[in-house]
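Rule-based calculations on the coordinates, nothing more; no lab input. All values reported here derive from a predicted model rather than from experimental measurement. For neighbour counting, all protein chains shown are included, and Cβ atoms are generated from backbone atoms with ideal geometry for every residue, glycine included.
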Amino acid sequence: MIKEEVIYQGAEAKICKSRYMDFDVVKKRRLNKSYRINEIDNRLIFYRTKEESKLMTEARKHGVSVPIIFDVDTQKGIITMEYLYGKRIKDILNGLSEKERSRICKMIGESIAKLHNNNIIHGDITTSNMILQDDRIHFIDFGLGEKNSEIEAKGVDLHVLMEAIESTHSRYSDCFNYVLEGYKNKLDNDANLVIRKIEDIVKRGRYR
Amino acid sequence: MLCLGIEGTAHTVGIGVVKEYNGKCKVLSNILKIYRPEQGGIHPREAANHHTLYIADLIKESIEKANVNFADIDLISFSKGPGLGPCLRTGATAARALSLTLEKPIIGVNHCVAHLEIGRGTLDDCTDPVLLYTSGANTQVIAFAEGKYRVFGETLDIGIGNCLDKFGRSVGLDFPCGPAIEKLAIDGDKYFDLPYSIKGMDIAFSGLLTAAQQYYKSGKKLEDICYSIQETTFAALTEVTERAMAHTEKDEVLLGGGVAANKKLRDMVSTMADERGASFFVPTKDLCIDNGAMIAWLGVLMYNSGVRLKVENSLIDQRFRTDMVDVTWRD
């Protein structure tokens, strides 16, 4: 029996550290919910597991670092993926030098641009969902992600990060400007359209 | 402090008298009249005419039922919004007339926040809940964060009650259709696939409505369709509520709004709460639906925290959003 250790439990899934062949892995297991009937429960778990692994694979194909997927079990709702030893951006960002912080933030923006160039919407870009390893930004948790080419979706995606930076790294709110700088560098289309959309979203007063 | 509250955001005109007692809300009277269109949906002007017709008598009756005198009232509270303009104006006009005649202060409150506060005010141990507010027009998941009631999730198109009513009307059920659908669903057992649309903590129902109507047209059993609608929409509502609870790290969930009367929805949210080790709350039915008592109670909270309003500034706001309210009465 392989020892499993729960790292995190969210509303939808349980994240465990485990072993797969000779590797340390993370297993993301979507939980059955007894408030909904089996027909819905099974359909959702199947579909979401499939979609999330598809998005991760696609992100990787376009040069964005994500954990390597070892196995996908759509019936049980388990994605087995590489365990990342790096540090969460959330935990290190405030302690970096000004120069290093701007470099990391630009890298983040460039990676997001690569995702958006391919219409991949992460859905929950926060500094807890990024891990720095081997000097590359790795994105995790595509559970709220989708494929969407609309500027609105890309604006919302960045707006989530903006709010996360404002709340968790409030003393370093220039971080988001560096992110946008990197984003502009790598986005194929006019990044100003997306940036203007973010301003719209702020004015709408939406909150998540 | 004794407060009279006037609710008139949509089809309900309601008057309530409440008393503050040790920080809790005691409802002395809570009466209402509901405008029911002969056919089709709600017509704002017709609804406002209906409210105008009954509001004076309701005010008198609420004072009698509360066993108090007009002179005992300390504060007049009314729904400032969100809602239908003509209906809101009727309520606000009555409130201004009362305030000027009785020479008592007036206060305008947010209808959605009132649904949450009446739970905190009347239920023991309900202190910091995530509210799942489900009614005809509104479907929101609301919780307190950083000085405001924030909307963590909401419908992107129509309210759940509206979705049920529209489906019900298209198959010949009487308004409000929710209770009829709930009854029919009990005899359904076959599940038909329906769109389950969640984006983050937001939710959408219009695709599901169309799909359900297609099933009906293709001759599927109505009981089974109703069963499928309830199972799908309520599961989605429960899921976004759970996400908001995980996100805000709160362990209380409160229901509000007319659809909260549905037993299936209550069961599902309560099961979810049990599994999370959270507490589940639902106010009595007369305080779940649109009512004057909750408007009165929020008026009390605001007034006691120092909020003041002049009659000349007592305008309504049809698009008064939940997160526009400065929550001065909570830390």
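If r is the Cβ-Cβ distance from A:Glu166 to B:Tyr21 and R0 is 56 Å, what FRET efficiency results, to the nearest 0.05?
On the way: r = 41 Å, r/R0 = 0.73.
Result of the calculation: an efficiency of 0.85.
Please work out the C-alpha center-to-center distance from the range B:133-196 to the range A:33-109 and express it in whole Å.
Between the Cα centres of the range B:133-196 and the range A:33-109 lies a distance of 32 Å.
Would you calculate, for the protein assembly as shown, the mean residue ellipticity at 222 nm contributed by helices, counting each DSSP H stretch of 4 or more residues as -39,500 (n - 2.57) and dividing by all residues, to the nearest 500? Before the final figure, lay out the partial values.
On the way: 16 runs with 236 residues, N = 539.
Taken over the protein assembly as shown, the calculation gives -14500 deg cm²/dmol.
Give the longest segment of chain A that steers clear of GluC sites (Glu not before Pro) in DSSP loops with at most 14 neighbouring Cβ atoms within 10 Å, not counting the sites themselves.
In chain A, the maximal stretch lacking such sites is A:5-149.
What shape does the range B:42-163 take by its C-alpha gyration tensor, where a ≥ b ≥ c are the square roots of the eigenvalues and a/c under 1.5 counts as rounded, a/b above b/c as prolate, and the rest as oblate?
Numbers: a/c = 2.17, a/b = 1.36, b/c = 1.60.
Oblate.
Bin width 10 Å, origin at 0, all Cα-Cα pairs of the range B:13-77: what percent of pairs per bin?
Going out from 0 Å in 10 Å bins, the range B:13-77 shows 19, 42, 25, 13, 1 percent.
For B:Asp157 and B:Lys217, what does the FRET efficiency come to when R0 = 22 Å and r is the distance between their Cβ atoms, rounded to the nearest 0.05?
Values: r = 21 Å, r/R0 = 0.96.
It comes to 0.55.
Relative contact order for chain A using alpha-carbon pairs under 8 Å, separation at least 6, rounded to a whole percent?
18 percent
Enumerate the calculated ³J(HN,Hα) couplings along the range B:163-172 in order (Karplus 6.51 cos²θ - 1.76 cosθ + 1.60, θ = phi - 60°), each rounded to whole Hz, writing x wherever the residue is Gly or Pro.
These are the phi-based 3J(HN,Hα) values: 4, 5, 5, 5, 5, x, 4, 6, 10, x Hz.
Dimensions of the range A:21-115 along principal axes (Cα, Å, largest first)?
53, 31, 26
Dipole of the protein assembly as shown, Cα-centred, from +1 at each Lys and Arg C-beta and -1 at each Asp and Glu C-beta, to the nearest 20 debye? Don't jump to the answer; show the numbers that get you there.
Values: 72 positive and 75 negative charges, 111 e Å.
In debye, rounded to 20, the protein assembly as shown gives about 540.
Please compute the modelled spin-label separation between A:Leu31 and B:Glu312, points set 7 Å along Cα→Cβ, answer in nm with one decimal.
According to this spin-label approximation, the distance is 5.7 nm.
Using the Karplus curve 6.51 cos²θ - 1.76 cosθ + 1.60 with θ = phi - 60°, what ³J(HN,Hα) values do you get for each residue of the range B:233-239, in whole Hz, with x for Gly and Pro?
So the Karplus estimates, Gly and Pro as x, are 5, 6, 4, 5, 4, 5, 5 Hz.
Would you mind checking the radius of gyration and Dmax of the range B:128-282 based on alpha-carbon positions, in Å?
Computed over the Cα atoms of the range B:128-282, radius of gyration and Dmax are 15.2, 51 Å.
Taking H as built 1.01 Å from N, whose amide H comes closer than 5 Å to the amide H of B:Phe205, not counting residues under 5 places away?
B:Leu156, B:Asp157, B:Ile158
With the crude spin-label approximation of a point 7 Å out along Cα→Cβ, what separation in nm comes out for A:Glu4 versus A:Lys76?
0.6 nm
List the relative contact order of chain B as a percent without decimals, with contacts defined as Cα pairs under 8 Å and 6+ residues apart.
Values: 736 pairs, mean separation 85.4, N = 331.
Normalised by residue count, the contact order of chain B is 26 percent.
Cα axis of helix B:85-102 to longest principal axis of chain B: angle in degrees, 0 to 90, nearest 10?
On a 0 to 90 degree scale, this one is about 20.
Treat every Asp and Glu Cβ in chain B as -1 and every Lys and Arg Cβ as +1, leave all other atoms uncharged, and give the resulting dipole magnitude about the Cα centre to the nearest 20 debye.
Values: 35 positive and 42 negative charges, 158 e Å.
Here chain B has a charge dipole of around 760 debye.
If I take R0 = 25 Å and measure r between the Cβ atoms of B:Ala246 and B:Lys285 in this structure, what FRET efficiency does the formula 1/(1 + (r/R0)^6) give, to the nearest 0.05? Working shown, then result.
Values: r = 29 Å, r/R0 = 1.15.
Efficiency at R0 = 25 Å is approximately 0.30.
Can you tell which of A:Thr57, A:Pro67, A:Gly77 lies farthest toward the positive end of the dipole of the range A:5-82, using +1 and -1 charges on the Cβ of basic and acidic side chains (Lys, Arg; Asp, Glu)?
A:Gly77
Using the alpha-carbon atoms, what tilt in degrees (0 to 90, nearest 10) does helix B:292-304 show relative to the longest principal axis of chain B?
Between the helix axis and the principal axis of chain B, the angle is about 50 degrees.
Over all Cα pairs of the range A:87-204, how is the pair count split among 5 Å bins, expressed in % and running from 0 up to the last occupied bin?
2, 12, 24, 28, 20, 11, 3, 0
List the trypsin sites (Lys or Arg not before Pro) in the range B:109-199 that DSSP assigns to loop (not H, G, I, E or B) and whose Cβ has at most 12 other Cβ atoms within 10 Å. Which are they? Each step should come with its number before you reach the end.
Numbers: sites: B:Arg120, B:Lys148, B:Arg150, B:Lys166, B:Arg169, B:Lys183, B:Lys190, B:Lys199; in loops: B:Lys190.
Answer by residue number: B:Lys190.
Please turn the phi angles of the range B:47-56 into ³J(HN,Hα) values with the Karplus equation 6.51 cos²θ - 1.76 cosθ + 1.60 (θ = phi - 60°), one per residue in order, whole Hz, x for glycine and proline.
Once θ is set to phi - 60°, the couplings for the range B:47-56 become 5, 5, 4, 4, 5, 4, 5, 9, 5, 5 Hz.
Take the Cα pairs of chain B, get the Kirkwood Rh, then feed it into Stokes-Einstein at 10 °C and 1.306 mPa s and tell me D in µm²/s.
Details: Rh = 20.1 Å.
Answer, rounded: 79 µm²/s.
Of A:Met162, B:Pro37, B:Leu4, which is farthest on the positive side of the dipole of the protein assembly as shown, counting Cα position, with +1 on Lys and Arg Cβ, -1 on Asp and Glu Cβ, and the Cα centre as origin?
The residue sitting farthest along the positive end of the dipole is A:Met162.
A:Asp200 versus A:Ile68, label points 7 Å from Cα toward the beta carbon: distance in nm?
Between A:Asp200 and A:Ile68, the simple spin-label model gives 4.2 nm.
Please list B:111-118, B:98-105 highest first by mean number of surrounding beta-carbon atoms within 10 Å per residue.
Numbers: B:111-118: 27.4, B:98-105: 15.2.
So the peptides B:111-118, B:98-105, ranked by packing, come out B:111-118, B:98-105.
Give the angle, between 0 and 90 degrees and rounded to the nearest 10, that separates the Cα long axis of helix A:175-186 from the longest principal axis of the Cα atoms of chain A.
90 degrees
Relative to the present Cα-Cα distance, how much length would full extension add between B:Ile34 and B:Trp329 at 0.36 nm per residue of separation? Could the numbers behind the result be given before it?
Values: separation 295, 0.36 × 295 = 106.20 nm, distance 3.12 nm.
Taking B:Ile34 through B:Trp329 to full extension adds about 103.1 nm, to one decimal.
Along the Cα-to-Cβ line of B:Asp189, 7 Å from the Cα, sits a label point; which residues in the range B:218-237 have backbone N less than 13 Å from it?
B:224
So between B:Arg96 and B:Arg169, what do we pick up on full extension, going 0.36 nm a residue minus the alpha carbon distance?
Details: separation 73, 0.36 × 73 = 26.28 nm, distance 3.72 nm.
Stretched fully, the B:Arg96-B:Arg169 segment lengthens by 22.6 nm.
Name the residue farthest towards the positive end of the dipole of chain B from the options B:Ala278, B:Ile295, B:Ile181, assuming +1 on Cβ of Lys and Arg, -1 on Cβ of Asp and Glu, about the Cα centre.
B:Ile295
Could you compute the net charge surrounding A:Lys3? Neighbours are other residues with a C-beta less than 10 Å from the C-beta of A:Lys3; K and R count +1, D and E count -1. Provide the component values of the computation, followed by the final result.
Numbers: positive: A:Lys17, A:Arg19; negative: A:Glu4, A:Glu5.
Spelling it out: positives minus negatives among the neighbours equals 0.
Residue by residue through A:29-38, how many Cβ atoms from other chains fall within 10 Å of the Cβ on average? Let's see the in-between values first.
Numbers: counts 0, 0, 1, 0, 8, 5, 15, 11, 6, 1.
Mean inter-chain Cβ contacts per residue within 10 Å come to 5.
Note the per residue figure in Å³ for the convex hull of the C-alpha positions in the protein assembly as shown. Could you put the intermediate results ahead of the total?
Details: hull volume 89.8 nm³, N = 539.
Looking at the protein assembly as shown, the number lands at 167 Å³ per residue.
Tell me whether the range A:18-68 comes out rounded, prolate or oblate; compute the Cα gyration tensor, take square roots of the eigenvalues as a ≥ b ≥ c, and use a/c under 1.5 as the rounded threshold.
Details: a/c = 3.87, a/b = 1.58, b/c = 2.44.
Oblate, since a/c reaches 1.5 and b/c is not below a/b.
Can you give the Rg to Rh ratio for chain A, taking only C-alpha atoms and Rh from Kirkwood?
Rg/Rh: 0.98.
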